[in-house]
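Please read the structure below before turning to the comments.
Any read-out appearing in this document is the output of simple, stated calculations on the displayed coordinates, not a laboratory observation. This structure is a prediction, so every number in the text was calculated from the model and none was measured. Cβ coordinates were reconstructed from backbone atoms using ideal geometry, including for glycine residues, and neighbour counts include every protein chain displayed.
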Amino acid sequence: MKLIADHLVYEYNKGTAQARRALDDVSFVLDSGEFVGLIGHTGSGKSTLVQHLNALLKPDSGSIYYEGADIYEKDYDRKALRGKVGLVFQYPEYQLFEETVLAEVSYGPKNMGHDKKEAELAAYAAIKRVGLEDECFDQSPFDLSGGQKRRVAIASVLAMKPEILVLDEPTAGLDPAGRTELLDMIAELKEKEGMTIVLVSHSMDDVAEVADRIIVMDKGKIVFDDIPTEVFKHVSELETMGLAAPEMSYVLRDLKAAGIPVNEGAITLKETKEEILRVLS
Amino acid sequence: MAKKKIGEKTAPEGRPSSFLQIRKLKYEYIRRDEENNVEGITTAVDDVSFDVKEGEFIAILGHNGSGKSTLAKHINAILFPEEGEVILDGMNTKDEDKLLDIRRTAGMVFQNPDNQIIGQVVDEDVAFGPENMGVPTEEIKQRVEESLKTLGMWEYRNSSPNRLSGGQKQRVSIASVIAMHPKCIIFDEPTAMLDPRGRYEVIRAARALNEVEGITIILITHYMEEVIHADRVLVMDKGKVKMEGTPREIFSRVEELKELRLTVPQVTELAWELKKSGLPIPDGILTREELIKEILKIMKEYIYR
């Protein structure tokens, strides 16, 4: 699996006075098994970009190639693509509609043309994979807690067995333990099943913990595309864009400024702790 | 007014001691099935009592479903107690005649900025509240100007709200609330949908309204970093207040918080981890400055030993 975004340009309100370029010459390559954090402030173009990945939006120019094929070609099977590139929107729990969790999650695979049994088997596996209990199967999704509803919504996408899973702000509104549990679950999808993950977020701390590559967007352009430690070296540029580096990189920066010979570059709590202990021992 | 120090309790003196009194408050949701039969009862708020002084900044933490929002909705009479009572600025929320006064005294800012803005233009939205209250036109103009200026949104007065960022929209929502001149504002996860800059803008606005205007603030949030400036923190679990104290006291209890599905600010957690590894660092470190001071102290001791 390989996805290539090639010089994407997308304009909102085209031809009017309010025309605005949401994507301005965006190019990147997504390789199989990567965990990419996509970061940018509100309005930077992240959600617009994400909606191109499974051809929900069509660029004004440029294209996307999935496994070598142009997804905007006239005869391209975009329905199949939407099974392969699974998109979990913001606050997906508002999109639940079926009467039971099982019906909700098997809706996708049924829609893809699988028979009832296949669809329910896929749904079963997906529900288990997001860590919901068997008791949930026959419950109405509306009776579940916020965190559980979100898991159901993610399971609905997983049931279509995507190769790439794109999640837009999956942890928004969850309590701290809920955030950690969900991020761990997503990390596991990559570790255990080799799924490619694109995590859209404005929480640097979330992304720093899990992603192995970060793409930063600002005003419709890709500004940085690198491993996390490299990206978070650009603290002042990130701040100008309305973003921030993870809290831990500020700790190390301030320690260094105070004359303590730490090496910057650590971004997770564990790395930072080890770095401080190393200097003090 | 003197600037508050982080974690210090500085409720203004010489004011009535209890602005808000919550007494043995209990509230239950009845769960029903499709045929409207009662399936069961969830106790969302369970025997909660506490007082808030005028001018205090209170933060309420708790995991999803712990009862924070249900509690908050009792303060300005969106929900009414089934048992116990809520007295806001001398008014019992059960007193129907006082309903409008209560809602004027305590305004509310919710999570989603898009659900709270009704005007087509920013200043129209801010004028909506005072208009409804029957404020004279000239005074409405003044209030709109003063509210928007307080929130740093005056230059956007003629903008359409849907062209603003999330943080800007939330500031318009706050301006709309303060145009009604409330004594208290309840913020129910106001930053959950915002990016870092938006979060900073909203929390800075809440602190300024508290410190400069003396407005009582009740902030519900899942972001631990946002509560370190509060006078007092309440932690809820299963409808009850499980912990209460200054941010420093609360964030010294890392393990208890984790059991309640919460956490501590990242710096606090780092300090706590370093302490567990044997460094002499006190509990309840709240800021980077505090942590760095402690580490410098340790460095010095190494050098002079």
Given charges at Cβ of Lys, Arg, Asp, Glu: the protein assembly as shown dipole, positive-most of A:Phe137, A:Ser203, B:Ala206: B:Ala206
0 to 90° range, to nearest 10: angle between helix A:101-111 axis and chain A longest Cα axis: 80 degrees
A:Met185, A:Met160 arranged by Cβ crowding within 10 Å, fewest neighbours leading: A:Met185, A:Met160
Restricting the stretch B:29-91 to chymotrypsin sites (Phe, Trp or Tyr not before Pro) in coil, as DSSP defines it, with at most 15 other Cβ within 10 Å: none
Diffusion coefficient, µm² s⁻¹, Stokes-Einstein with Kirkwood Rh over alpha-carbon pairs of the protein assembly as shown at 20 °C and 1.002 mPa s: 82 µm²/s
Rounded Å value of the spacing that divides the Cα centres of the stretch A:242-262 and the stretch A:16-87: 35 Å
Nearest 10 degrees, 0 to 90: helix B:196-211 Cα axis against chain B principal axis: 80 degrees
Spin-label model distance (nm) - B:Asp101 vs A:Gln95, 7 Å beyond Cα toward Cβ: 4.9 nm
Cross-link pairs beyond the 31 Å C-alpha cut-off, checked among B:Lys68/B:Lys183; A:Lys273/B:Lys240; A:Lys256/B:Lys53; B:Lys24/B:Lys276; A:Lys2/A:Lys46; B:Lys53/B:Lys169: A:Lys273/B:Lys240; A:Lys256/B:Lys53; B:Lys24/B:Lys276
In the stretch A:95-183, chymotrypsin sites (Phe, Trp or Tyr not before Pro) in a DSSP loop with at most 14 other beta-carbon atoms within 10 Å: A:Phe97
Cα-based helix-to-principal-axis angle, A:116-129 vs chain A, degrees rounded to 10: 20 degrees
The stretch A:4-94: trypsin sites (Lys or Arg not before Pro) falling in loop per DSSP and having at most 16 other Cβ within 10 Å: A:Lys14, A:Lys74
Cross-link partners of A:Lys116 among lysines (Cα-Cα below 22 Å; sequence separation of 8 or more within a chain): A:Lys79, A:Lys84, A:Lys128, A:Lys161
When the convex hull of its Cα atoms is projected in every direction, mean area for the stretch B:265-305 (nm²): 2.6 nm²
